[in-house]
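The values are calculated or read from the model by the stated rules, or taken from the named source; none is laboratory data. Model, not experiment: these values are computed from the prediction.
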Amino acid sequence: MKSIAPCLTFRSLAVTIFTAFSLLFFSPRLSAASPETVVSIVFADMDGIVGVPLEEFVGKVFESIDGKDNVLIFKMNTPGGLVSSMSQIMTLIAEADYPVVVWVAPSGAGASSAGAFIAQAAHVAVMAPGTNIGAAHPVVGLGKDIGDEEMNRKITNDLAAKIRAFSQERGRNVTAVESMVRDSVSFTAQEALQNNVIDFIAAGEDELLKSLDGRKVKIKGEEKIISLNNYTIRRMEIPLRLRLLEILSRPDVAYLALLAGVFLIIMELRSPGGFFAGAIGAVLLLIAAYGLRVLPVNYVGVALLVGGILIIIADLLIGGIGIISTAGVASMLFGGLFLFRAPGGELLHISPVFVATTSLVIGLIFLFVMRLVVKALRSRPETGSEGMVGARGIIIDNAPGKSMAIVTGEYWRVVSLDPAVKLALGDEVEVVKIDVLTLYVKVIKEEVTE
């Protein structure tokens, strides 16, 4: 009986040690980092059109992050952009080994169109008060549905499946999220939270980080907990080069540069000499060329745009009164509306008001300036030898072979164009042609009235 107690005590101790060992080494990890680990929080801007420059910047942000003990937070404000760039950014988020947060901020910002897709791809989707998300239906030139019904259905179904897949993975309301694509629904921050489109609302960084601490996320199928007991913050802003390229790749800027550049080149060719208009036009065309390279271009829009410019030029050359030019401005207008409506640009929203106003204003300015140029080219020269033709003067000396006249305030040797007509003192004459320093003139006969 005396040996039983020590045996039980030893057995209990062994069980306790084994249990502790199992909990320590074999229990699943529920936190993205242990309390002792310093988590690196990276704040990065996602501001502007979702296009090639922003895609490049986002790629550099992901490349700069190494290891799993990180939290990446994108501060978003975008009106939409290219499907290709959007898909690449969503893929980068899906392949990340650490939590990626999309925070639509500050108040007044939006995650429209392509931005709504990226927000749904994030492990945590957050909005600041006074922001909006949605309006992700594919559109064409005038803001309407894609004309071809079958093509519209295919594109809409493809985009709906893409956003639905990510919302299911993140545990959000699939029906509400899908309505942003199929019905172009847009939610405020409160509405998005109530419909489980986002995870929570945060007005500032402190509130954002406080709400993130302890939140469970699923990363590549593994559930983890974001632990922010000990962290550092690093900020990444879009470089000036990419910021400028983002501005130049906006469809409205590219359209404006293309239109103005072509007109300035035409003005330079029509009235050469100063090179100023031509130089500015060449720079604007280079800017437009970059935008056209990175944006999806509809060749029907290009044809309408070029056709409108050619119509205006033709009207100027034939001396029209501007009626034909009206058709040219209209062609430019429709060309601008359809210029960037090509595959990949379904989520790229362009303001029809901007295109219409730009086309009208630039077209009218070009028409006005070119009319002045054409008028100047067709008018009689005012200076030089050619400017003397048609000028009038008075005979002040009619000596044989040495007749002199005052023409344009100067003394000139004059000869009668008709040898049979003699020049008399005081005759009013008109210059017909000039030969070096001699003017050939004709006498202006006064009408005799009874």
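Using the structure shown, decide if ALA289 is at pLDDT 75 or above and either part of a loop (DSSP other than H, G, I, E, B) or within 18 Å of the chain's Cα centre (by Cα) (or both). In short, yes.
Residues of segment 115-129 include at least one that is under 24 Å from the mean Cα position of the chain (by Cα), aromatic (Phe, Trp, Tyr) and at negative phi. Identification of strands (runs of 3 or more DSSP E) wholly contained in segment 387-434 with 2 or more residues that are more than 60 Å from the chain's Cα centre (by Cα) and within 14 Å of LYS445 (Cα to Cα) yields 392-397.
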